[in-house]
Amino acid sequence: MSHQQSPPIAPRRPAPRTRFGVTWTDDYAWLRDPAYPEVVDQDVRSYLEAENAWFERFMSPLRPRIESLHAELKARITADDRSVPVREGEFEYHWQFFAGAQYRTWFRRRLDGGEPAVILDESRLAQGRAYFNLRALDACPDGRLLAYMTDEDGSERYRLHLRDLETGDELADLVGNTSGSVEWAEDGRTLLYVELNDSLRPFRVRAHRLGDDPTGDAILYEEFDPAFFVSIAKTRSRRFLLISTGTHVTREIHLLEAQAPGSPPQLMAARRDGHRYGLDHAHGRFWVLTNDRHENFRLVSAPEAAPEEENWREEIGGDDHHYLLGVSCFADFMVLSERADGLADLRIRGYDGNEHLIGFPESVYTVSLGDNREFQTDRIRVGYTSMITPPSVIDHVVATRELIVRKQQEIPSGYDKSRYVTRRLLATARDGAEVPITIVHGKDFPPAGGGPLLLYGYGAYGHGLDPAFAPSRLSLLDRGVAFAYAHVRGGDELGHRWYREGKLFAKPNSFSDFITCAEYLIQDGYTRPGRIAIKGGSAGGMLMGAVANMRPDLWGCVVAEVPFVDVLNTMLDASLPLTPIEWPEWGNPVEDPAAFELLLSYSPYDRIIPQAYPPMLVTAGISDPRVTYWEPAKYVARLRATKTDDNMLLLKTNMASGHFGQSGRYDALLELAEQYAFILACLDVADVQATG
């Protein structure tokens, strides 16, 4: 136990800044180590370690509850969980957790018989490491070699490895500094990967020939615009490799013959601001989702010999009710992933135009296309879940529309679905928009006067929050705490319009929507002020910082995970890897005075004022390349020096990981147990034994 008696106070070292005639002072800019991504400055490290010690001091009396919660959370996951095998070529593949293991072991079995054989043991690769992440795992076309990508410090700089699956030997073809995605060409001897530049931007595609020196790998494509990130993929037909480059709002794709990866890439449709498209391939045509005529996208097709825009033929027009998210082509049909009036659907469409939806009995659920690797198939694998239904793996037989449940997540400690209630609510925002809320709670909730509730939000980049089951959530529900998603603008739950109305100069809608949801839940008797815990991560952490500044009286506590809170300073710094690509989302304060003024008006770090704030738990990752560690560190330092209350303010910096926290499954649950213990303590929820 730490003997630290008072919270650390970061020294102020004023750094004046001026832009567009406005001068302000950043007292804590020194917390950014000039050597980043290395963090070697002793003053910086000492401050982060002092904050960690303060976190431990507060958590020490809660350790029995944390250990109890951790045991509960572990008891709700299957110790020896395994995936449903998926077929690819002459093999079927699956993964398995062994009892007590933090990481998966990967297997494959020949379709013509034999026992499953281990092809990769993550636990062995992770041994002795504080962090380990396997990003990609891909066998070559004949199945002899395995390419895989690993990150060993959370920096998201991935290393490409090659393994001979016949001998088990690791090959010397090691490539570092990649984005983590890899694709085999169909010649079986060429690997495509995406290289990172010094600012961690995925900027070029290189081709590695087996046995060659990686330093001489051919450059197939290089992106010079600092706002564009590069990625690679392959059509399910295995005919084409796709080199994509884009921002959050603009996309451009180049095509490569998968049998001839050395050929010059062919441009599909030249980039123009705001045009996004994606594609797959079947029957000599490309099937393209494009937002060229409707913001919710339409489906067009084009001959593979002449894929240019002037040859696009409309197959499905865009409309306000169906938001097309993805197209996946199989030999006899395609699958369109979509949201219909805000709810997820999968539409099966034949190449003759006949189509059907996959039907499910629940009114609010999430369905998504699962792991499907074969082009020629009579069925597709889908994932299904709701707020009260554990995730299921289901095979849908297209011709008969039969649903075959291959697996439903087991809750070993026990789970009775009938004990819980979920519903969709609508809160009316001040401009008349109806903001959806998805809530789940026990049948005896709420008590008279309202009960404790955890409200979660994100609202950025067009990433919607789909209703999904979480076994860990039962530790809250069984203690009488409700859980709700606030589907604020900035996500895409209600189509692209919902995203558009929560970005750039409409970004404040995200904050007011979140507050509106909280006020609705209070007015409808679910909860009351001071009994609402709120939580969000990354851009959702920025949402937490904004609403904490705006309405601190509503919240019983705040959990902000790796929060993007130093918005103005980050968006002014084009040297950071994510800044140029973020300008279409937040605005460019380097060149636009109006964008500067807007960001200054809501940037959580810059808007901290002398007032009472609720208890707060803020997290950071020392090697996080997405939200750099100094953002939450600066935020906490300034908040502690400014706020007028004595409520607990905690900063926990993971000194061995990045944006996504601990990598082992049990270690990640321990971090969640700490958050739950913090929330339960702040909301004064009795430490009763959950029944599962």
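The values are calculated or read from the model by the stated rules, or taken from the named source; none is laboratory data. Keep in mind that what you see is a predicted model, and the values were worked out from it rather than measured. Every residue, glycine among them, receives a Cβ derived from its backbone with ideal geometry; neighbour counts consider all protein chains shown. The protein model used for the area step is the full one, side chains on, heavy atoms only, and it has no ligands, DNA or RNA in it. Shrake-Rupley method; radii C 1.70, N 1.55, O 1.52, S 1.80 Å.
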- Item | So residue 606, is it open to solvent by 10 Å² or more (accessible area, probe 1.4 Å) and touching a helix residue (DSSP H, G or I) at 6+ places or on another chain (Cβ under 9 Å) | yes
- Note on the structure: Filtering strands (runs of 3 or more DSSP E) wholly in region 153-207 for at least 1 residues that are charged (D, E, K, R) and surrounded by fewer than 21 Cβ atoms within 10 Å (Cβ to Cβ) gives 158-164, 190-196
- Task: Collect the residues in region 559-601 that are closer than 17 Å to residue 548 by Cα and either part of a strand (DSSP E or B) or not hydroxyl-bearing (Ser, Thr, Tyr) (or both), keeping them in residue-number order.
- Result: 559, 560, 561, 562, 563, 564, 565, 566, 567, 599, 600
- Message: Can you report the number of residues in region 15-32 which are of a type outside the set (Phe, Trp, Tyr) and either in a helix (DSSP H, G or I) or open to solvent by less than 40 Å² (accessible area, probe 1.4 Å) (or both)?
- Response: 5
- Message: Restricting to region 454-496, and then to whatever is basic (Lys, Arg) and within 19 Å of the chain's Cα centre (by Cα), can you tell me which residue is nearest to residue 345 (Cα to Cα)?
- Response: 489
- Message: I want to confirm something. Restricting to region 120-136 and keeping residues that are crowded, with 18+ Cβ neighbours inside 10 Å and part of a strand (DSSP E or B), which single residue is modelled with the highest pLDDT?
- Response: 120
- In region 419-455, residue farthest from residue 247 (Cα to Cα) [restricted to those that are open to solvent by 50 Å² or more (accessible area, probe 1.4 Å) and outside any loop (DSSP other than H, G, I, E, B)]: 419
- Task: Would you confirm whether any residue within region 583-597 is surrounded by fewer than 23 Cβ atoms within 10 Å (Cβ to Cβ), in contact with a Ser or Thr (Cβ under 7 Å, 6 or more places away or on another chain) and at negative phi?
- Result: yes
- Task: Could you check how many residues of region 639-664 are open to solvent by 10 Å² or more (accessible area, probe 1.4 Å), out of contact with any Lys or Arg (no Cβ under 9 Å at 6 or more places or on another chain) and either at pLDDT 95 or above or over 30 Å from residue 35 (Cα atoms) (or both)?
- Result: 9
- Note on the structure: So, first residue in a helix (DSSP H, G or I) in region 458-475, second residue among the β-branched types (Val, Ile, Thr), Cβ within less than 7 Å, six or more apart or across chains; the pairs are 471/77; 471/411
- Restricting to region 557-579, what's the tally of residues that are more than 23 Å from residue 25 (Cα to Cα) and either among the β-branched types (Val, Ile, Thr) or open to solvent by less than 10 Å² (accessible area, probe 1.4 Å) (or both)? 5
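Conditions tested, residue by residue: (1) open to solvent by 10 Å² or more (accessible area, probe 1.4 Å); (2) modelled with pLDDT of 95 or more.
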position: 457; (1), (2): no, yes
position: 466; (1), (2): yes, no
position: 478; (1), (2): yes, yes
position: 489; (1), (2): no, yes
- Is it true that some residue in region 495-505 is open to solvent by less than 50 Å² (accessible area, probe 1.4 Å) and closer than 30 Å to residue 96 by Cβ? no
- Message: Which numbered condition in (1) within 23 Å of the chain's Cα centre (by Cα); (2) closer than 13 Å to residue 563 by Cα; (3) at pLDDT 95 or above is the only one that residue 625 fails?
- Response: (3)
- Message: Which residue is surrounded by the most Cβ atoms within 10 Å (Cβ to Cβ), if the candidates are limited to region 268-285 and must be in contact (Cβ under 8 Å) with a residue 24 or more places away in the chain and not in a loop (DSSP other than H, G, I, E, B)?
- Response: 279
